[in-house]
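What follows draws every value from the coordinates through simple rules; no lab data is involved. None of these values were measured; they are calculated from a predicted model. Counting neighbours? That spans all protein chains shown, and the Cβs are built from the backbone with ideal geometry, glycine included.
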């Protein structure tokens, strides 16, 4: 997480930040930081998180779930056309944080602590509101006459506070404490604004509005019990009695709506629990839940036990739990992937591929199933089938970097060097790594295979990326 802070420090030291003092950003409609600049900042930070932060959760099922949930809320937000990306961070603390450009991180501890899907949705709606209202940019622009040291310390306090409240506190102590604390106090106004807009987003998204109030009330009670060890979400999102009261008053004016949890909410929580401890400890925990009938979802308890048994290499026992899930008529792509994972672990690739084929008939656009099927086809030495599946997926999701990577691997297994480098270039371009993308296209130009038409496509794409790279460098120099 520290790399995220260091990036922002460098950002604060660039000429646009110090030439005449940081400009007054004012309201969202008057921002000096354009939405494009905010997005570029967020993408840079996300690259750092994906490839250097060991707590980043690289799990297609978990991230697909929180992105489906977040997309529903984003479509109900004041900026429904805004691009959001949600990702999970493996951290037991209760926290979530918004970054410039629509990138929102969610701690696994928060997912596990939520007692309903509406509670989790309430937190995401709150973070979405920080993005749509451009709160980070507005906080950075509040003090146009601030000294550079104060601005740098302020950036540390805001960005670090999303993931490491202790670091934020240290920044306040060491750098222009009064000035920064004043800015953080102003951020409490943003918290109230995020509460108000987040609550409306939650209602429009079809969730139980009480979920947001229930979650914050529970956090407030915890903070009273543990004054010196308050939940991290409270330390980075200051909570006051006034905010709770205001939220309760607003909720009273809204129509009551009971909303059941989706099965994916419960399965994702069970998967996280199955990964949190040793395999045998996890097996014991889920067996105890089932024996004592202390579970929020019977299907999720069986799913979690199967996941734990798979980790413990108790394959026969894991398959028994999957059979129990079938008896319960529990339906989810996550269950199909689990069933296939058990087959793969036993070396039964044919059995796993049959499960994937059947699952894709039911869940045609589920990306996690597509990824797993392609991985298994490559493992089973079927690169042509893997390539066809990857290309079909790219048609539906042209901006899916994972599919581009699988496409590149499939081409490599087939010995098609030009297309391998071309697909790898698209992967890098999607990740914002233009230098690396250009290098891959240059390798594609030198590849001995490929016809005239394919080489022409490579040449055209190379010119396009070089122009884009030059424009971005020109923009940075001008700033």
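General observations
- Residue separation of residue 375 and residue 81 scaled by 0.36 nm, minus their Cα-Cα distance, works out to 102.6 nm of gained length.
- The peptide list 442-455, 72-85, 91-104, put in order of mean Cβ contacts within 10 Å with the highest first, becomes 91-104, 72-85, 442-455.
- Cα gyration tensor shape of the range 404-448, rounded if a/c is under 1.5, else prolate or oblate by comparing a/b with b/c: oblate
- Its alpha carbons considered, the range 348-415 gives a radius of gyration followed by a Dmax of 11.1, 33 Å.
- What the Cβ-Cβ distance of residue 288 and residue 245 gives, at R0 = 35 Å and to the nearest 0.05, is a FRET efficiency of 0.30.
- Tensor-based shape of the range 425-479 (alpha-carbon gyration tensor, a/c under 1.5 rounded, otherwise prolate or oblate): prolate
- Restricting the calculation to Cα atoms, every distinct pair contributes to the Kirkwood radius of the range 44-113, found to be 12.5 Å.
- By average C-beta atoms within 10 angstrom, highest first, the peptides 414-426, 355-367, 324-336: 414-426, 324-336, 355-367
- Its alpha carbons give the range 340-477 an Rg and a Dmax of 17.0, 56 Å.
- In terms of overall dimensions, the range 262-331 has a Cα radius of gyration and Dmax of 10.7, 29 angstrom.
- Cα gyration tensor category, rounded, prolate or oblate, for the range 387-464 with a/c compared to 1.5: oblate
- Note that the range 238-386 shows a convex hull volume over its alpha carbon atoms of 181 Å³ per residue.
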